[in-house]
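One structure below.
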Amino acid sequence: MGRVLVVDDEQGLRDALEVLITSKGHVPTTAKSVAEAKDHLSRSFFDVVLTDLRLEPGGDGMDVVAAARAVEDPPEVIVMTAYGTREKAQLAISKGASFYLEKGPHLATDVQVLVAQAINTRRLQADNAQLRQALVGRFSVGGIVGRSEAMREVLDLVQRVGPLKTTVLITGESGTGKERVAKALHYAGETKGPFVPINCGAVPENLIESELFGHMKGAFTGADRDKEGLFEAARGGTLFLDEIGELPVQLQPKLLRALQERRIKRLGAVEEVPVEVRLVAATNRELEAEVRAGRFREDLYFRLNVVQIDLPSLRQRREDIPLLVSAFLRQFSEEYGREVLQVEPEAMERLLAFEYPGNVRQLQNIIERGVALAVGDTLRTTNLPKEVAHAESAPRRVISVQDDSAFPEEGVDLERLVEDFEYGLIARALEKAGGVKTRAAELLGLSFRQFRYKLSKFERRRDGGARG
Ligand SMILES: Nc1ncnc2c1ncn2[C@@H]1O[C@H](COP(=O)(O)OP(=O)(O)OP(=O)(O)O)[C@@H](O)[C@H]1O
Ligand SMILES: [Mg+2]
């Protein structure tokens with residue numbers, strides 16, 4: 001069952017459509033002018049708006065299209081045109097209508113088919129959102145979400161290495177989830193102690209030694225009492241050395257010693273004490289290059305690099321984006337006490353096309369902002385930052401048609417041939433996408449809306465062919 005708003009200035013047609021829509025189990029509401037339509041749109045919720053493009057006196061159906069697109073949870077819009085005003089209909093499509101149909105002998109059938117399809121689309125959108133929420137659970141370990149080949153390897157490593165006390169070096173660009181993986185490793189083990197992070201790049205050079213190893217009273221000016229270092233604080237747990245590439249060279253031997261001996265000495269102390277700590281280090285620098293440049297000790301590098309987990313940039317695993325989006329929608333919906341769990345297909349397209357120099361963290365920020373700005377339960381393109389909303393998809397391969405056969409004597413029907421070619425590709429893309437229309441659209445380099453439009457044309461041609 002769907003709610004359908006019918007906008008037409010002809011009483012007879014309104015009545016007929018009302019009967020037709022009711023007979024299909026949907027609930028119609030009628031309006032005879034732009035003003036009436038706007039009034040209904042502002043007060044009630046509709047799944048579908050079916051509007052004439054020409055509304056007497058002087059009304060323009062395009063205004064209904066715009067008003068429908070502007071509401072919280074926009075309905076699918078179908079426009080009706082008089083025969084031979086196709087350009088206008090196409091303009092309406094470009095402004096956000098999903099389908100158009102021509103008033104004519106097939107009007108009743110077309111309305112039935114398209115209304116059913118529009119309602120179906122809306123249901124599918126809702127289902128997809130729910131489906132993805134379920135998938136997040138299946139494809140995550142310790143809060144790391146990912147289903148790409150690369151991330152599955154990471155998750156597998158985390159599960160295998162986590163419970164061991166092995167030292168792990170995590171590498172990856174900023175925002176790829178290094179700290180998140182470090183925590184997952186920590187929690188994958190039977191942890192008695194805490195997870196203790198230190199950012200080697202953020203602590204002043206002269207303080208980092210006492211931060212790590214602690215000091216005794218009087219060890220240096222200002223050391224007015226004994227202080228435990230982070231190695232001791234992390235006892236039984238994990239010490240996370242973030243931005244290890246920033247560790248001053250003169251401190252590196254001391255860290256190496258602590259790693260090898262599992263003993264440390266506080267600054268100014270005489271005795272060494274044993275520390276039972278798991279070490280995880282992270283860097284977004286090429287440590288090997290740092291070694292070659294003499295800024296990082298090779299022996300320490302080898303000691304840290306027992307197991308390496310390399311996190312791919314988000315650009316290299318775009319297939320994780322929808323799942324991450326779902327995870328973040330849930331997270332921020334909970335934080336903000338909202339229910340923004342769906343994404344408009346166009347918005348998802350833009351999110352898939354963006355480059356993400358800041359990787360997962362940037363995507364997370366984009367979704368947080370989106371949840372805060374979204375009206376209703378759906379994240380839309382308008383809720384995305386400008387640079388994302390205007391992201392261009394990667395250039396597509398152009399298939400060239402090379403038919404070596406001679407040009408037929410009698411000539412060809414070019415439009416027909418081009419259409420056939422187009423429809424053939426659409427059918428193949430759909431098959432390749434396992435029937436998932438958003439994916440098929442992606443494969444064809446079309447927006448979801450363009451795709452849906454072409455598909456409906458295709459289906460109508462097919463159905464029309466069956467009739468005639
Ligand atoms: N695979 C993932 N699944 C869920 N959340 C993730 C994932 N990867 C990263 N995040 C989230 O993205 C944000 C950034 O991740 P994190 O802080 O771990 O990145 P980082 O690699 O340590 O970045 P930097 O190098 O800038 O310190 C965090 O809020 C983290 O929870
Ligand atoms: Mg980090």
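Quick check on my filter: what residues within segment 73-85 are farther than 21 Å from residue 117 by Cα and either at pLDDT below 80 or β-branched (Val, Ile, Thr) (or both)? Spell out the reasoning first.
Of all residues in segment 73-85, those farther than 21 Å from residue 117 by Cα come to 82-85.
Selection gives 83, 84, 85.
Would you pick out the residues in segment 181-228 that are free of Cβ contacts under 8 Å to residues at least 60 places away in the same chain and within 16 Å of ligand 2 (Cβ to nearest atom)? Show your work before the answer.
To start, the set of residues in segment 181-228 that are free of Cβ contacts under 8 Å to residues at least 60 places away in the same chain comprises 183-184, 187-188, 190-192, 194-228.
The answer is 183, 184, 195, 196, 197, 198, 199, 200, 201, 202, 203.
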Which one of these is under 29 Å from residue 332 (Cα atoms) and modelled with pLDDT of 75 or more: 447, 393?
-> 447
So which residues in segment 67-102 are surrounded by fewer than 22 Cβ atoms within 10 Å (Cβ to Cβ), more than 18 Å from residue 32 (Cβ to Cβ) and of a type in the set (A, V, I, L, M), if there are any at all?
-> 70, 71, 89, 91, 93, 101
Here are some conditions: (1) assigned by TED's automatic domain parsing to the domain that holds residue 200; (2) surrounded by fewer than 22 Cβ atoms within 10 Å (Cβ to Cβ); (3) of a type in the set (S, T, N, Q). Residue 283 meets all but one. Which one does it not meet?
-> (2)
Filter segment 155-178 for residues that are crowded, with 16+ Cβ neighbours inside 10 Å and within 13 Å of ligand 2 (Cβ to nearest atom) and give the result.
-> 170, 171, 172, 173, 175, 176, 177, 178
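Kindly indicate which of 161, 113, 136, 196 is more than 13 Å from ligand 1 (Cβ to nearest atom), at pLDDT below 90 and not aromatic (Phe, Trp, Tyr). Quick ask: steps written out before the conclusion?
Working: 161 fails: at pLDDT below 90; 136 fails: more than 13 Å from ligand 1 (Cβ to nearest atom); 196 fails: at pLDDT below 90.
Sole residue among the options that is more than 13 Å from ligand 1 (Cβ to nearest atom), at pLDDT below 90 and not aromatic (Phe, Trp, Tyr): 113.
So which residues in segment 164-182 are at pLDDT 90 or above and either away from ligand 1 (no atom under 14 Å from the Cβ) or in contact with a Phe, Trp or Tyr (Cβ under 6 Å, 6 or more places away or on another chain) (or both)? Quick ask: steps written out before the conclusion?
The initial filter retains those residues of segment 164-182 that are at pLDDT 90 or above, namely 166-182.
Listed by number, the residues that qualify are 166, 167, 182.
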Being at pLDDT 90 or above, touching a strand residue (DSSP E or B) at 6+ places or on another chain (Cβ under 8 Å) and away from ligand 1 (no atom under 16 Å from the Cβ), is that true of even one residue in segment 236-247?
-> yes
Can you give me the number of residues within segment 103-121 that are in a helix (DSSP H, G or I) and either over 37 Å from the mean Cα position of the chain (by Cα) or not assigned by TED's automatic domain parsing to the domain that holds residue 75 (or both)?
-> 3
Restrict the check to segment 312-331 and report whether at least one residue is closer than 30 Å to residue 212 by Cα and within 16 Å of ligand 1 (Cβ to nearest atom).
-> yes
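Restricting attention to segment 278-298, and to residues there that are in contact with a helix residue (DSSP H, G or I) (Cβ under 6 Å, 6 or more places away or on another chain) and not charged (D, E, K, R), which single residue is farthest from residue 194 (Cα to Cα)?
First pass over segment 278-298, keeping only residues in contact with a helix residue (DSSP H, G or I) (Cβ under 6 Å, 6 or more places away or on another chain): 280-283, 285, 287, 290-291, 296-298.
Applying the additional criterion that residues be not charged (D, E, K, R) yields 280-283, 287, 291, 296.
Numbers: 280: 13, 281: 16, 282: 18, 283: 21, 287: 27, 291: 31, 296: 28 Å.
Once the filter is applied, the top-ranked residue is 291.
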Determine which single condition residue 348 fails, assuming it passes every other condition in (1) modelled with pLDDT under 90; (2) within 16 Å of ligand 1 (Cβ to nearest atom).
-> (2)
Scan (1) touching a helix residue (DSSP H, G or I) at 6+ places or on another chain (Cβ under 6 Å); (2) more than 27 Å from residue 172 (Cα to Cα) for the single condition residue 377 breaks and write down its number.
-> (1)
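Please go through segment 280-303 and pick out each residue that is within 16 Å of ligand 2 (Cβ to nearest atom) and either outside any loop (DSSP other than H, G, I, E, B) or under 20 Å from residue 237 (Cβ atoms) (or both). Quick ask: steps written out before the conclusion?
From segment 280-303, those within 16 Å of ligand 2 (Cβ to nearest atom) are 280-285, 287; that's our starting set.
Correct list: 280, 281, 282, 283, 287.
Among the listed residues 221, 171, identify the single one that is assigned to a loop (DSSP other than H, G, I, E, B) and either under 30 Å from residue 316 (Cβ atoms) or in the same structural domain as residue 305 (by TED's automatic domain parsing) (or both).
On the way: 171 fails: assigned to a loop (DSSP other than H, G, I, E, B).
Testing whether each residue is assigned to a loop (DSSP other than H, G, I, E, B) and either under 30 Å from residue 316 (Cβ atoms) or in the same structural domain as residue 305 (by TED's automatic domain parsing) (or both) leaves just 221.
In segment 237-273, what residues are acidic (Asp, Glu), within 16 Å of ligand 2 (Cβ to nearest atom) and part of a helix (DSSP H, G or I)?
Taking segment 237-273 and keeping what is acidic (Asp, Glu), we get 242-243, 246, 261, 271-272.
Checking the rest, the ones that are also within 16 Å of ligand 2 (Cβ to nearest atom) come to 242-243, 246.
Correct list: 246 only.
The values are calculated or read from the model by the stated rules, or taken from the named source; none is laboratory data. Here the structure is a predicted model, which is why all the values come from computation and not from measurement. Glycine also receives a Cβ, built like all others from the backbone with ideal geometry; neighbour counts cover every protein chain displayed.
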